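*Asks:* I'd like to ask you about the structure that follows.
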Amino acid sequence: MGSELGEMASRELISVLEHDPELGQGLAPERLLDARRQTRAAIMDVVSDLPTAWPAEVRSGLGLLVLDGLLLRRVGVDGRFGAELLGRGEVLRPWQIEDTGNSISPTSGWRVLQGAQIALLDLDFTRRIAPYPEIHAQLLARAIRRSRYLALSLAIMHHPKVETRLHMLLWHLADRWGRVHPDGVHLPVKLTHVILSELVGARRPTVSAALGAIERDGRVSRNGSGWILHGSPPGGMGELLAPDAPTANEPHS
């Protein structure tokens, strides 16, 4: 393992299956105990940026599994940026580059928004779980789920009203990381207006105005850890066909 990565990764191995039991769905009880032993992996704590260099034994494995925390992936083309949020249970391969030979060459980067703990599903890990296709199936399901999250995000971005884009986005994030409380659904995710603008495809001043509007009408409020969503999620046909709001309407950026 590379020296930089070796300093960040724990020498103690943890059972990925114990930290993420959903990966064991489909395993018969008599196979589960051994599977927990075979899914030991090194972990690393990341508080700022992901490493830029990864050793071959990590790159040749399945990837990185987020055990905790929140990361942001940004992709830019000609000065405009889009973004996606990734958290617990997501599988990452930050060294994988798909734009070689493409007509459009995007820029991309990663940021850690909340201190992340990541398991290294390296080549040795990949070999050890070969007898457990159920785990491979769960990891593949995570990749498909991520693609569907992105498709939903694109659908949200096509809505003409930025207020509704933001409201839908916050509910979409609450489905992933929210917790129900008596006063609403708490979403413990702190996002700047710049990040929100990249998530909904609008300019930052428009996002600031739209946030003010949905706060004033009581759809959302803020607390020390993030957001509180009140009432019901949007998505009814009446709202989807509503005319554009003059203070929060903007072509897609």
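*Asks:* Go through the stretch 113-138 and give me each residue that's crowded, with 17+ Cβ neighbours inside 10 Å and over 14 Å from Gln38 (Cβ atoms).
*Replies:* Scanning the stretch 113-138 gives Leu113, Ala116, Gln117, Ile118, Leu120, Gln138.
*Asks:* Another question about this same structure. Could you list all residues from the stretch 113-154 that are free of Cβ contacts under 8 Å to residues at least 24 places away in the same chain and in contact with a helix residue (DSSP H, G or I) (Cβ under 7 Å, 6 or more places away or on another chain)?
*Replies:* Matches in the stretch 113-154: Leu152 only.
*Asks:* Among the residues of the stretch 49-65, which ones are touching a helix residue (DSSP H, G or I) at 6+ places or on another chain (Cβ under 7 Å) and part of a loop (DSSP other than H, G, I, E, B)?
*Replies:* Pro51, Ala53, Trp54, Pro55, Ser60, Gly61, Leu62 - these are the residues of the stretch 49-65 that are touching a helix residue (DSSP H, G or I) at 6+ places or on another chain (Cβ under 7 Å) and part of a loop (DSSP other than H, G, I, E, B).
*Asks:* Looking at the stretch 139-162, can you tell me whether even one residue there is assigned by TED's automatic domain parsing to the domain that holds Gln25, within 19 Å of Arg59 (Cα to Cα) and exposed (fewer than 15 other Cβ atoms within 10 Å of the Cβ)?
*Replies:* Yes, that holds for at least one residue.
The values are calculated or read from the model by the stated rules, or taken from the named source; none is laboratory data. In this text, all values refer to a predicted model and were calculated from it rather than measured experimentally. Note that each Cβ is placed from the backbone with ideal geometry, even for glycine, and that neighbours are counted across all protein chains shown.
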